[in-house]
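**Q** Just passing along the structure, written as structure tokens.
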Amino acid sequence: MNYAADRSMGGAGWMAMDPSRQKEEFQYAYVAALAAHAGLNRGDFRVDNDSVDVTFQGRGFVAPYRNPQIQLQLKCTSRGLISGGVIKYPLPKKNYDDLRGDDVVVPRYLAILVVPDQVAEWVLHHEDCVALHNLCFWVSLRDAPASSNTTNVTVDVPMSQRLTTNVLRDMIVAASHGRSV
């Protein structure tokens, strides 16, 4: 094994994972924390071939759907993609097409976590808490139009649509009625 020293993380012999993978793992942990706080059950598929990274399920609903679910495609960025109150995220065309349309049983959403450039700033340890930085935003592409782009489609994610515990609950309640938010 080759353990390169990364002094920025403070440990000899420490080798951080690939930055892209590190962002994926951090966002997964971020939304999992929100879902746990919301009281939602989490499910993961071993293979992400339908642009779904995580599924959340509610319970205790009686009508019209008993165990509503929502699905999220997760993306994480530290790039300066914010302009005019929206995140202009270059989503791969496959993800865009998989998240569009109303021909799915489970509502799907795109969640974009914006993190600081420096990994050391992602998690701050305080005496009485741990803070995860920064904020996550969401958008539904359910009614998005088809695109003739071949590689990426720039998606506008409004910064007014912050993903929070209450928003996850609202998404589950809407799903229990067969709707998206």
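The values are calculated or read from the model by the stated rules, or taken from the named source; none is laboratory data. Computed from a predicted structure; not experimentally measured. Cβ: placed from backbone, ideal geometry, glycine included. Neighbour counts: every protein chain shown. What goes into the accessible areas is simple: the full protein's heavy atoms, side chains included, and nothing from ligands, DNA or RNA. Shrake-Rupley method; radii C 1.70, N 1.55, O 1.52, S 1.80 Å.
**Q** Among the residues of segment 64-75, are any assigned to a strand (DSSP E or B), in contact with a Gly (Cβ under 9 Å, 6 or more places away or on another chain) and aliphatic (A, V, I, L, M)?
**A** Within segment 64-75, one or more residues are assigned to a strand (DSSP E or B), in contact with a Gly (Cβ under 9 Å, 6 or more places away or on another chain) and aliphatic (A, V, I, L, M).
**Q** Here's something else I'd like to know. May I ask you to list the residues in segment 45-69 that are surrounded by 12 or more Cβ atoms within 10 Å (Cβ to Cβ) and in contact with a Ser or Thr (Cβ under 9 Å, 6 or more places away or on another chain)?
**A** Scanning segment 45-69 gives F45, G58, F61, Y65, N67, P68, Q69.
**Q** Hey, can you tell me all the residues within segment 37-63 that are touching a helix residue (DSSP H, G or I) at 6+ places or on another chain (Cβ under 9 Å), among the hydrophobic types (A, V, I, L, M, F, W, C) and not in a strand (DSSP E or B)?
**A** A38, L40, V52, F61, V62, A63
**Q** Can you name the residue in segment 76-90 that is assigned to a loop (DSSP other than H, G, I, E, B) and in contact with a strand residue (DSSP E or B) (Cβ under 8 Å, 6 or more places away or on another chain) and is also surrounded by the fewest Cβ atoms within 10 Å (Cβ to Cβ) among such residues?
**A** Across segment 76-90, the extreme among qualifying residues is G85.
**Q** Can you tell me which residue within segment 91-105, out of those that are outside any loop (DSSP other than H, G, I, E, B) and among the basic types (K, R), is least open to solvent (accessible area, probe 1.4 Å)?
**A** K93
**Q** Against the conditions (1) of a type in the set (A, V, I, L, M, F, W, C); (2) surrounded by 21 or more Cβ atoms within 10 Å (Cβ to Cβ); (3) in contact with an Asp or Glu (Cβ under 9 Å, 6 or more places away or on another chain); (4) more than 17 Å from T165 (Cα to Cα), where does A111 fall short? Just the number, please.
**A** The failed condition is (4).
**Q** Anything in segment 124-169 that is assigned to a strand (DSSP E or B) and within 13 Å of R100 (Cβ to Cβ)? List them, or say none.
**A** Scanning segment 124-169 gives V139, V153, V155.
**Q** Okay, next question. Would you call V123 in contact with a helix residue (DSSP H, G or I) (Cβ under 9 Å, 6 or more places away or on another chain) and either surrounded by fewer than 17 Cβ atoms within 10 Å (Cβ to Cβ) or among the polar types (S, T, N, Q) (or both)?
**A** yes
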